[in-house]
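See below for the structure under consideration.
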């Protein structure tokens, strides 16, 4: 089952080595023995089962432990809700209470062991759920919901208590929702709505209310999973399950923290394979938000830059506000795949059109200039003095008669147009009523996306309440920003899933010949010298300069002659991190006397600074190119991550980097370069030739392989600078730092 792995999904390099040697692969994932083919080279799963949650959402029998019908008690309201829900879904409900003969007229069992039948789902309304969970396990109950709080969200003692719950569930084979959850899964869902639905996942129940309320606007919501502290069932489990449900058109999530990075990526990958959009609010962009989320759910929020990169990498659409979540999920659930990327803005006001066009273009939407023929056609109904190039300004009056529909149809008939957006800043009946009806009628006959922004702050107008909201084919928004966000997400999602290839299918499963060479170079708990770090790079086929490590001035002179003048000389030692700042680098040395002097100066400085040396490197001078940095760091949630960015001595100042979580392929490696603000430097500026992008991408992919194979043993790798030479000449790692865990 995807998601909660009960502690088995760790980035364990020892496990990777065991697998590579053909031994037993280790612990099972959710009770299914892990096969070697299911694991990547680092020992992490490449595939996961979809949890069968049918009996959770549609049980045949339900037990309510701690049921009450005493007015004024909290459990009474909850019991009443569960009784009504069980009746709606056709489930038999069994109250459990040690001293009550009945609850709400339903016969009561004194304990779980006295239940009249094996139940699918038990809801625990008790302060101490652990003993009850053990009883449920003996009774072979499939699912449990733990309502109680006071667990990991409260600190170390609560986290220990939560782990005891998780252990009990793990031993039993039962699945558990919570603790610190609520009963949103058992809300009253409208069953009179059709079309693709939104499935909702929230770690805070209240945060799902805006999406759930979309039903009042005619948008179907099929499920709600309030995951709470996720001691067992987690966000990833529900994403994976919802992606398989035929009625689900989009998955909307409110996430405070992710339990396991790999589980989340596998779930997102499953949704991407099936073309199901996942839209998420993820708390933790700021330190304050991250701290608050931890206190709320007791889970990791994850380094936000890594979380953001991982989501984009697997097509998860991240939004910030709950209003964006509801509008974007609603559009993605119901809109058909786009026929074209072109967006046309159609308005009754030149000012409205220009303003919207500015915002849309800035957000990355494509507003194509309509052809001269199309503009001439539009001018049959729109005065010549108005611009119809895009935005299309009709001046107002044509929407009041037969011309309005003809204009809309003509725009939608353009093969370069995939989306028509009509911002209506305020009602102006009867013209606005006629315009809205024409848009709805036109949307019914086309498979292209028609959007309306109804800007009135009132929202009670018949044109809005009855006509727009009564249409399942027009996407209606109340703000320009949300419309643009949703349309961009819609186009981006379909670009992403078209031809999507899962990186898990191509991830390495066995170690490369480089692995054993690298193993011999690792020094647990130590930082490698530059010389040793470069040997590590060589083991993985990453080019480094010609160089020799020497321990005398005479040897330095001989090495310079063999390497070839001019040369660079650098102190090499395991404890040296910033050689330039200490004066431990000498460049452009062109003679034997300069080499001798440099050797003495470098060793004197090292002695004065108290820096231990394993020698002095005499290195080939490499011609100038674009200085980049490529590295590996460890994220607490996702494990090894690969970074690329602008390098050199100002790398920490510029902080222009892109991040990806392995595994990823060549396309994602190239996308990393597009993420950089300084991307233009690689294309050649001020007369400089374009850099060898193929060589840079190759280095990124080789570093990824190193990160996967060495796993936790490699705590950090920093190639800086990686000199990317002009196109066709490759890339050379001029310096490297490696830290072993």
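The residues in the stretch 31-55 that are farther than 30 Å from residue 109 by Cβ, at pLDDT below 50 and in a loop (DSSP other than H, G, I, E, B) can be counted, and the count is 2. Pull up the stretch 550-572, narrow it to residues that are out of contact with any strand residue (DSSP E or B) (no Cβ under 6 Å at 6 or more places or on another chain) and assigned to a loop (DSSP other than H, G, I, E, B), then point me to the one that is surrounded by the fewest Cβ atoms within 10 Å (Cβ to Cβ). It comes out as 564. When the stretch 412-434 is filtered for residues that are assigned to a helix (DSSP H, G or I) and over 20 Å from residue 355 (Cα atoms), the ones remaining, listed by number, are 412, 431, 433, 434. Looking across the stretch 615-662, the residues that are touching a helix residue (DSSP H, G or I) at 6+ places or on another chain (Cβ under 8 Å), crowded, with 23+ Cβ neighbours inside 10 Å and outside any strand (DSSP E or B) come down to 638, 661, 662. The residue of the stretch 217-227 that is farthest from residue 121 (Cα to Cα), among those that are more than 23 Å from the chain's Cα centre (by Cα) and assigned to a loop (DSSP other than H, G, I, E, B), is 218.
Table: residues versus (1) in contact with a strand residue (DSSP E or B) (Cβ under 7 Å, 6 or more places away or on another chain); (2) within 30 Å of residue 220 (Cα to Cα); (3) in a loop (DSSP other than H, G, I, E, B).
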{"position": "95", "(1), (2), (3)": "yes, no, no"}
{"position": "113", "(1), (2), (3)": "no, no, no"}
{"position": "122", "(1), (2), (3)": "yes, yes, no"}
{"position": "130", "(1), (2), (3)": "no, no, no"}
{"position": "153", "(1), (2), (3)": "no, no, no"}
{"position": "169", "(1), (2), (3)": "yes, no, no"}
{"position": "182", "(1), (2), (3)": "yes, yes, yes"}
{"position": "189", "(1), (2), (3)": "yes, yes, yes"}
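Which members of the stretch 573-605 meet the condition of being surrounded by fewer than 21 Cβ atoms within 10 Å (Cβ to Cβ), more than 29 Å from residue 687 (Cα to Cα) and over 42 Å from the mean Cα position of the chain (by Cα)? Answer for the stretch 573-605, where residues must be surrounded by fewer than 21 Cβ atoms within 10 Å (Cβ to Cβ), more than 29 Å from residue 687 (Cα to Cα) and over 42 Å from the mean Cα position of the chain (by Cα): 583, 591, 592, 593, 594, 596, 597, 600, 601, 603, 604, 605. For the stretch 356-402, residues that are assigned to a helix (DSSP H, G or I) and in contact with a strand residue (DSSP E or B) (Cβ under 8 Å, 6 or more places away or on another chain) total 4. Residues being part of a loop (DSSP other than H, G, I, E, B) and touching a helix residue (DSSP H, G or I) at 6+ places or on another chain (Cβ under 6 Å) are represented in the stretch 99-109 by at least one member. A Cβ distance below 8 Å, combined with a sequence gap of six or more or placement on separate chains, defines the contacts here; from the stretch 160-174, residues that are assigned by TED's automatic domain parsing to the domain that holds residue 140 and more than 16 Å from residue 138 (Cα to Cα) reach residues that are part of a helix (DSSP H, G or I) and at pLDDT below 95 in the pairs 162/152. Within the stretch 56-89, can you find the residues that are loosely packed, with under 14 Cβ neighbours inside 10 Å, in contact (Cβ under 8 Å) with a residue 12 or more places away in the chain and assigned to a loop (DSSP other than H, G, I, E, B)? Listed by number, the list holds a single entry, 58. In this structure, is residue 469 surrounded by fewer than 22 Cβ atoms within 10 Å (Cβ to Cβ), touching a residue at least 60 places away in the same chain (Cβ under 8 Å) and under 21 Å from residue 405 (Cα atoms)? Considered against the rule, which asks whether it is surrounded by fewer than 22 Cβ atoms within 10 Å (Cβ to Cβ), touching a residue at least 60 places away in the same chain (Cβ under 8 Å) and under 21 Å from residue 405 (Cα atoms), residue 469 comes out as yes.
The rows are residues; the columns are (1) in a strand (DSSP E or B); (2) modelled with pLDDT of 95 or more; (3) over 19 Å from the mean Cα position of the chain (by Cα).
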| site | (1), (2), (3) |
| --- | --- |
| 206 | no, no, yes |
| 211 | no, yes, yes |
| 215 | no, yes, yes |
| 232 | no, yes, yes |
| 236 | no, yes, no |
| 245 | no, yes, yes |
| 254 | yes, yes, no |
| 257 | no, no, no |
| 265 | no, yes, no |
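The residues of the stretch 575-600 that are at pLDDT below 95 and in a helix (DSSP H, G or I), listed by number, are 579, 580, 581, 582. Based on what the data block shows, is residue 494 in contact (Cβ under 8 Å) with a residue 24 or more places away in the chain and surrounded by 21 or more Cβ atoms within 10 Å (Cβ to Cβ)? The answer is no for residue 494.
The values are calculated or read from the model by the stated rules, or taken from the named source; none is laboratory data. Note that the structure is a prediction, hence the values are computed from the model and not measured. Quick reminder, even Gly has a Cβ in these numbers, built from the backbone with ideal geometry, and neighbours come from all protein chains shown.
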